[in-house]
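J.: Take a look at the following structure, please.
The values are calculated or read from the model by the stated rules, or taken from the named source; none is laboratory data. Note that the structure is predicted; figures quoted are calculated from it, not measured. Neighbour counts are summed over all protein chains in view; Cβ atoms, including those assigned to glycine, are modelled from backbone coordinates with ideal geometry.
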Amino acid sequence: MVKIDTEFTGMIGVDYPIIGAPMFLISYEELVVAVAEAGGLGAIPLPNFKTVEDLKYTLGKIREKTDKPIGVNIHVSGKFEWEDQLALCLDYGVKFFITSLGDPKLILDDVHAHGGRVFADVISVEQGLRARERGVDGLIAVASGAGGHCGTTPTTVLVPYLKSKVKLPVVAAGGISTGAQMASAMALGACAVITGTRLIATHESRANQAYKEAVMAAGPDDIVCTDKITGNPCTWLAKSIEDFTTRPELGSKKWKDLWSAGQSVAQVEEIRPVGEVIGEMVQEYLEVCQTLSGSVSTG
């Protein structure tokens with residue numbers, strides 16, 4: 001089997017530098033296991049779980065089906081039982097943590113003691129430098145066009161900017177649904193990519209059928225970025241928020257009717273198994289690399 005060797009795959013122990021985005025109300029055990037078994041890193045967002053017992057159930061289900069590395073998105077803030085969540089994740093062998101809210105330094109010692117790594121979501125060089133000061137192992141470059149919370153700088157600019165100024169490993173997030181897009185991110189200096197929007201329209205996603213069909217039908221112009229839903233800039237399928245009036249409480253079922261997605265809906269045309277999506281990304285990545293290599297001549 002072909003493997004893709006990068007700083008990230010060596011650090012985490014996966015075959016491919018592809019992370020399945022930890023998507024709110026979408027990424028659960030089915031999606032995590034499918035990404036892991038396909039050679040990438042499956043990840044869950046801890047805000048998906050109302051109680052620590054709910055999280056324990058899901059981690060148990062994951063470990064029943066795969067022993068491969070998995071990751072989590074942890075919010076280190078007073079809104080969440082993050083200390084108990086962290087302890088449970090470490091007990092279940094989670095090796096990769098993405099921090100989005102709060103100080104990543106709070107979890108570093110425990111994660112490192114268990115052989116894990118901590119990467120911080122950032123949307124700017126300023127945030128990247130602060131994260132480096134806190135001791136993180138790497139950065140998630142959340143660029144414009146990403147599904148969910150995002151920045152305003154495109155991947156093609158943000159990734160090399162962070163690499164040159166912060167000098168930590170950088171994972172590219174935003175507008176990556178294909179192997180060609182993955183190759184472009186790696187050429188810019190990324191050690192891995194996060195794909196989320198493409199995985200919404202898969203059999204293993206917990207998105208409902210209407211959500212999946214809306215992602216397939218949408219184009220880049222159907223994605224809007226607004227801070228009125230969560231209080232921070234976030235991308236949504238425009239039609240799903242037309243009637244938005246009041247932000248739902250955390251844990252409310254109303255969130256299921258607000259559909260987040262990124263501009264790479266442009267590359268989503270059908271609902272498929274996760275394994276096929278990852279396999280196609282890898283194959284296209286290899287073909288693009290070979291094509292580019294073949295375009296170089298000397299003499």
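J.: Hey, any hits in segment 81-88 for a residue that's over 30 Å from M1 (Cα atoms) and of a type in the set (F, W, Y)?
T.: yes
J.: Would you be able to say whether some residue in segment 74-81 is small (G, A, S) and buried (at least 20 other Cβ atoms within 10 Å of the Cβ)?
T.: Start the filter on segment 74-81 by keeping residues that are small (G, A, S), which leaves 77-78.
Checking which are buried (at least 20 other Cβ atoms within 10 Å of the Cβ) leaves us with none.
No; the residues of segment 74-81 include none that is small (G, A, S) and buried (at least 20 other Cβ atoms within 10 Å of the Cβ).
J.: Still on this structure, please answer the following. Would you mind finding the one in G115, G39, G78, G71 that is within 27 Å of V157 (Cα to Cα) and among the small types (G, A, S)? Write out each step before concluding.
T.: On the way: G115 fails: within 27 Å of V157 (Cα to Cα); G39 fails: within 27 Å of V157 (Cα to Cα); G78 fails: within 27 Å of V157 (Cα to Cα).
Being within 27 Å of V157 (Cα to Cα) and among the small types (G, A, S) holds for just one of G115, G39, G78, G71, which is G71.
J.: While we're on this one: What do you reckon, is V288 crowded, with 20+ Cβ neighbours inside 10 Å, at pLDDT 85 or above, within 15 Å of I176 (Cα to Cα) and of a type in the set (A, V, I, L, M, F, W, C)?
T.: no
J.: May I pose another question? Which ones in segment 13-32 are surrounded by 20 or more Cβ atoms within 10 Å (Cβ to Cβ) and either small (G, A, S) or within 15 Å of F96 (Cα to Cα) (or both)?
T.: Hits for segment 13-32 are V14, Y16, P17, I18, I19, G20, A21, P22, S27, V32.
J.: I would also like to ask the following. Check off (1) in contact with a helix residue (DSSP H, G or I) (Cβ under 6 Å, 6 or more places away or on another chain); (2) more than 16 Å from I123 (Cβ to Cβ); (3) in a helix (DSSP H, G or I) for L199 and give me the number that stays unchecked.
T.: (1)
J.: Now, a different point. So, in segment 239-276, of the ones that are assigned to a helix (DSSP H, G or I) and free of Cβ contacts under 8 Å to residues at least 24 places away in the same chain, which residue ends up surrounded by the most Cβ atoms within 10 Å (Cβ to Cβ)?
T.: In this case the residue turns out to be I241.
J.: Would you mind stating whether I271 is under 28 Å from P47 (Cα atoms), at pLDDT 90 or above and touching a Lys or Arg at 6+ places or on another chain (Cβ under 6 Å)?
T.: Considered against the rule, which asks whether it is under 28 Å from P47 (Cα atoms), at pLDDT 90 or above and touching a Lys or Arg at 6+ places or on another chain (Cβ under 6 Å), I271 comes out as yes.
J.: Does any residue of segment 20-39 turn out to be β-branched (V, I, T), in contact with a strand residue (DSSP E or B) (Cβ under 9 Å, 6 or more places away or on another chain), over 28 Å from A210 (Cβ atoms) and free of Cβ contacts under 8 Å to residues at least 60 places away in the same chain?
T.: no
J.: Might you check whether a residue that is at pLDDT below 95, in contact with a Lys or Arg (Cβ under 7 Å, 6 or more places away or on another chain) and either in a helix (DSSP H, G or I) or of a type in the set (A, V, I, L, M, F, W, C) (or both) occurs anywhere in segment 39-54?
T.: Taking every residue of segment 39-54 in turn, none turns out to be at pLDDT below 95, in contact with a Lys or Arg (Cβ under 7 Å, 6 or more places away or on another chain) and either in a helix (DSSP H, G or I) or of a type in the set (A, V, I, L, M, F, W, C) (or both).
J.: Okay, moving on. Given the conditions (1) closer than 30 Å to V2 by Cβ; (2) basic (K, R); (3) surrounded by fewer than 23 Cβ atoms within 10 Å (Cβ to Cβ), report the number of the one that K228 does not fulfil.
T.: Here K228 clears every test but (1).
J.: Next question. Look at A143 and say whether it is in contact with a Ser or Thr (Cβ under 9 Å, 6 or more places away or on another chain), crowded, with 23+ Cβ neighbours inside 10 Å and under 28 Å from V274 (Cα atoms).
T.: So A143 passes the test.
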